[in-house]
1. State all residues of region 202-213 that are touching a Phe, Trp or Tyr at 6+ places or on another chain (Cβ under 8 Å) and open to solvent by 10 Å² or more (accessible area, probe 1.4 Å); if no residue qualifies, say none.
2. Name the one entry in ILE122, ILE111, ILE93, ILE62 that is over 15 Å from the mean Cα position of the chain (by Cα) and at pLDDT 95 or above.
3. Kindly provide the set of residues from region 168-178 that are surrounded by fewer than 22 Cβ atoms within 10 Å (Cβ to Cβ) and either touching a residue at least 60 places away in the same chain (Cβ under 8 Å) or under 12 Å from the mean Cα position of the chain (by Cα) (or both), ordered by number.
4. Would you say ASP257 is at pLDDT 95 or above, out of contact with any Asp or Glu (no Cβ under 7 Å at 6 or more places or on another chain), acidic (Asp, Glu) and not in a loop (DSSP other than H, G, I, E, B)?
5. Within 16 Å of ASN157 (Cβ to Cβ) and either of a type in the set (D, E, K, R) or part of a loop (DSSP other than H, G, I, E, B) (or both): is that true of LYS84 in this structure?
6. Is it fair to say GLU89 is touching an Asp or Glu at 6+ places or on another chain (Cβ under 6 Å) and surrounded by fewer than 17 Cβ atoms within 10 Å (Cβ to Cβ)?
7. Across region 179-198, what is the total count of residues that are of a type in the set (A, V, I, L, M), in contact with a strand residue (DSSP E or B) (Cβ under 8 Å, 6 or more places away or on another chain) and open to solvent by 40 Å² or more (accessible area, probe 1.4 Å)?
8. Answer with yes or no whether LYS110 is under 22 Å from ILE188 (Cα atoms), of a type in the set (Lys, Arg) and open to solvent by 70 Å² or more (accessible area, probe 1.4 Å).
Amino acid sequence: MASALRRLAAAFCYSPHLQFVRSFSLLRFGNSYRSFVSSASSEDCAPTGHPEFRKWKNGGGIFHKSACIDSTVFIEFGAVVHSKSVVGEHVCIASGAVVGPSVTVGLSTKIGYNVSLSNCSIGDSCIIHSGVCIGQDGFGFMVDEHGNMLKRPQMLNARIGNHVEIGANTCIDRGSWRDTVVGDHSKIDNLVQIGHNVVIGNNCIVCGQVGIAGSVTIGDYVTMGGRVAVRDHVSIISKVRLAGMSCVMKDITEPGDYGGFPAVPAREWRRQVTNYSRTSKQRNPENH
């Protein structure tokens, strides 16, 4: 029995933390089970040139022996899963992607080419497009008594909810005083910057080239048009829509449509645009 279990471990590139192996203990194999765990963990079923990493059987990527990876996961050649990471059922990890230490990836999530995940957790059924970076340090500095810039500690995480889609080359920083959060079913376009400590609610839409500074709080069902800018430490209530190129400089406490620089209610913004156009025509009639 023990030898049969060892052969099974070699066939499946066993890692001692894989969930499917734990089911053997429930069947009370006793000494045979203990032999399976101790001997299979030392099997080098696919050498990688590093004693701590092995080649994953499904796709050819490599993983750390302490990672917990479901047997249905696809790790493409060139992808790396680091130590103590947890990867759920039916996850696909494309070439060049790096799943950093202690990262959690929920079931049925797709991770694109050259994605970098660190200090974060990703929910179920997410789509992370190519080039996305999640969990890197936020932009936080302070000036010491000598006038030198010092880095503020960035020690917390980023948490991505379920059914979230994140477009190519978007960056989401880890938190410093609270976790950075993206709520369930939110959709984020390409080239978006989300600063540290930002909390985005559920079912939000963030269009391309939006920049959200640190410690912003955004409610549910908020829509941001392209190139919207949000200054740090402001709050936006649920069910707000921001026109493209708007700039949020203070808290928005009433649901509705907003636009302009600084962002104001849409009706007021339209009046501003109309008045500016009329004034411009009066001052420069020859140009109109």
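The values are calculated or read from the model by the stated rules, or taken from the named source; none is laboratory data. Since this is a predicted model, take the numbers as computed values, not measurements. Ideal geometry is used to build each Cβ from the backbone, glycine not excepted, and the neighbour counts take in all protein chains shown. Ligands, DNA and RNA are excluded from the accessible area calculation, which covers all protein heavy atoms including side chains. Shrake-Rupley method; radii C 1.70, N 1.55, O 1.52, S 1.80 Å.
1. ASN202, ASN203
2. Going through ILE122, ILE111, ILE93, ILE62 in turn, just one is over 15 Å from the mean Cα position of the chain (by Cα) and at pLDDT 95 or above: ILE62.
3. Of everything in region 168-178, those that are surrounded by fewer than 22 Cβ atoms within 10 Å (Cβ to Cβ) and either touching a residue at least 60 places away in the same chain (Cβ under 8 Å) or under 12 Å from the mean Cα position of the chain (by Cα) (or both) turn out to be ALA168, ASN169, CYS171.
4. Taking the combined requirement at face value, the residue satisfies it.
5. Taking the combined requirement at face value, the residue satisfies it.
6. yes
7. Number of matching residues: 0.
8. Spelling it out, LYS110 is indeed under 22 Å from ILE188 (Cα atoms), of a type in the set (Lys, Arg) and open to solvent by 70 Å² or more (accessible area, probe 1.4 Å).
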